[in-house]
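Report on the following structure.
The values are calculated or read from the model by the stated rules, or taken from the named source; none is laboratory data. Just so it is clear, the model here is predicted, and its values are computed rather than measured. Positions of Cβ are generated from backbone atoms using ideal geometry, with glycine treated the same way; all protein chains shown enter the neighbour counts. Keep in mind that these areas ignore ligands, DNA and RNA; they rest on the heavy atoms of the full protein, side chains included. Shrake-Rupley method; radii C 1.70, N 1.55, O 1.52, S 1.80 Å.
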Amino acid sequence: MAEKNQLDQGAVKGGGVVAVARAIAILDAFHTSEAALTLGELARRTGLHKTTVLRIARTMAAARYLVQLDNGSWRLGPGAGWLGARYQTVFGQTASIEPVLRELSKKSGESAAFYVREGNSRICVVRVDGPQTIRHHVRMGESLPVNRGAIGRVLLAFSGEEGALYDRIRRIGYHSTRGERDPQVASVAFPIFGINHRLIGCVAVSGPIDRFRRESCARHVPLLRKAAARLSYEIGGAGVISSNALGPVNNYFMSATATIWPQC
C-alpha cells in the first residue's frame, strides 16, 4: 500500500524505527469525538494492512495503551490517558489554566485554548470548547504547524523569529488571522510569559471566520488581555494573587495592546 510505504520510508529516512512509527500512527488515528474504531478503519487511516494493525494493537493492548471491545473494535486505553496527563504536568499548574480558559470562552462565546511550542509544531495543552453549536474544535495534544495561524505566529514572534511580520507582532503584543491555516477558522492570540519575560506559550480564542468581524474582534481584545496577564502571573509566577499582584504584568499587556486591531 502506498501510504504504508510512505510511513515506513519516512521512519527509515529519519533514522527512526518502523514498528514505533506504525504504533504512533495507530494512536494518531483516533479523533476526539470517537469512542472506538474498527480494525478496518484503523487500517484505512494508517495505510497499514489489517494483519499488521492487529498485531501492533494487541501489543499495545498488553501495555494498556489500547483496549479491544467485545465487538472487536478498539479504543484508547488508560496508558494513553496517563501519558497525556504526564505531558501536561511538564508545563505546571495546568489545573489553574482551565478556569481561566472557561471564563474566557464564556465571555467571548468562542473556543479558548492554551498552546505551547514544540520545535516546528504548536501543541494544544488545554482547551475549552465554545458554547455555540458551530465552533472551532481542536483536541488536546493535537500538533499543528507553528508557521500558520495567529497562535503559531505569536509563538514564533516571541521566540525571536525575524521578519517584518514578527517585528509588528512583538510591537503590538498579539496577532490575529482569518483563514490562514484553515479557510473556515479565525483566531486571536496573546503570548504568555514567565520570569524574565520568558515565553511560556500563548492563549487564544478561535471560531468560524464569519463571526470574527472587526467589531467582535474588538470585544475579544480586553478579554484576551486579561486572560494572558492572569496566566502569565499564575503559570510564570508564584504565590497568591493580591489586589495589586497583576500590576506589573498588566502594564505590559496594556501598553502592548493599545493599537486598534487592524487584521479583523
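Can S187 be described as of a type in the set (S, T, Y), in contact (Cβ under 8 Å) with a residue 60 or more places away in the chain and either surrounded by 24 or more Cβ atoms within 10 Å (Cβ to Cβ) or in contact with a strand residue (DSSP E or B) (Cβ under 6 Å, 6 or more places away or on another chain) (or both)? Break it down stepwise before answering.
On the way: of a type in the set (S, T, Y): yes; in contact (Cβ under 8 Å) with a residue 60 or more places away in the chain: no; either surrounded by 24 or more Cβ atoms within 10 Å (Cβ to Cβ) or in contact with a strand residue (DSSP E or B) (Cβ under 6 Å, 6 or more places away or on another chain) (or both): yes.
So S187 fails the test.
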(message) Regarding the range 79-99, can at least one residue be identified that is assigned to a strand (DSSP E or B), at negative phi and touching a residue at least 40 places away in the same chain (Cβ under 8 Å)?
(response) no
(request) Identify all residues within the range 138-163 that are within 29 Å of A80 (Cβ to Cβ) and open to solvent by 30 Å² or more (accessible area, probe 1.4 Å); write none if there are none. (result) R139, M140, G141, E142, S143, P145, N147, R148
(message) Between a residue in the range 222-235 that is farther than 11 Å from P191 by Cα and in a helix (DSSP H, G or I) and any residue that is basic (K, R) and open to solvent by 50 Å² or more (accessible area, probe 1.4 Å), which pairs come within a Cβ distance under 7 Å, given they are 6 or more apart or on different chains?
(response) L223/K107
(message) Filter the range 60-83 down to the residues that are in contact with a strand residue (DSSP E or B) (Cβ under 9 Å, 6 or more places away or on another chain), more than 24 Å from V125 (Cα to Cα) and open to solvent by 70 Å² or more (accessible area, probe 1.4 Å) and list them by number.
(response) Q68
(message) Suppose we keep only residues that are of a type in the set (A, V, I, L, M) and open to solvent by 30 Å² or more (accessible area, probe 1.4 Å) within the range 84-123. Which one would you say is modelled with the lowest pLDDT?
(response) V90
(request) Being without any contact (Cβ under 8 Å) to a residue 40 or more places away in the chain and open to solvent by less than 30 Å² (accessible area, probe 1.4 Å) is the filter here, so list the residues in the range 124-137 that pass it. (result) C124, V126, V128
(message) Please verify whether L144 is hydrophobic (A, V, I, L, M, F, W, C), in a helix (DSSP H, G or I) and within 19 Å of F190 (Cβ to Cβ), treating the condition exactly as stated.
(response) no
(message) Need the failing condition index for N251 against (1) assigned to a helix (DSSP H, G or I); (2) at pLDDT 85 or above, just the number.
(response) (2)
(message) Is it the case, given these coordinates, that A204 is assigned to a strand (DSSP E or B) and either modelled with pLDDT of 90 or more or among the hydroxyl-bearing types (S, T, Y) (or both)?
(response) yes
(message) Tally up the residues in the range 207-216 that are over 18 Å from K106 (Cβ atoms) and either part of a loop (DSSP other than H, G, I, E, B) or open to solvent by less than 10 Å² (accessible area, probe 1.4 Å) (or both), please.
(response) 1
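Please specify each residue of the range 9-41 satisfying the condition of being modelled with pLDDT of 75 or more, part of a loop (DSSP other than H, G, I, E, B) and open to solvent by 70 Å² or more (accessible area, probe 1.4 Å).
Answer for the range 9-41, where residues must be modelled with pLDDT of 75 or more, part of a loop (DSSP other than H, G, I, E, B) and open to solvent by 70 Å² or more (accessible area, probe 1.4 Å): V17, H31, A35, T38.
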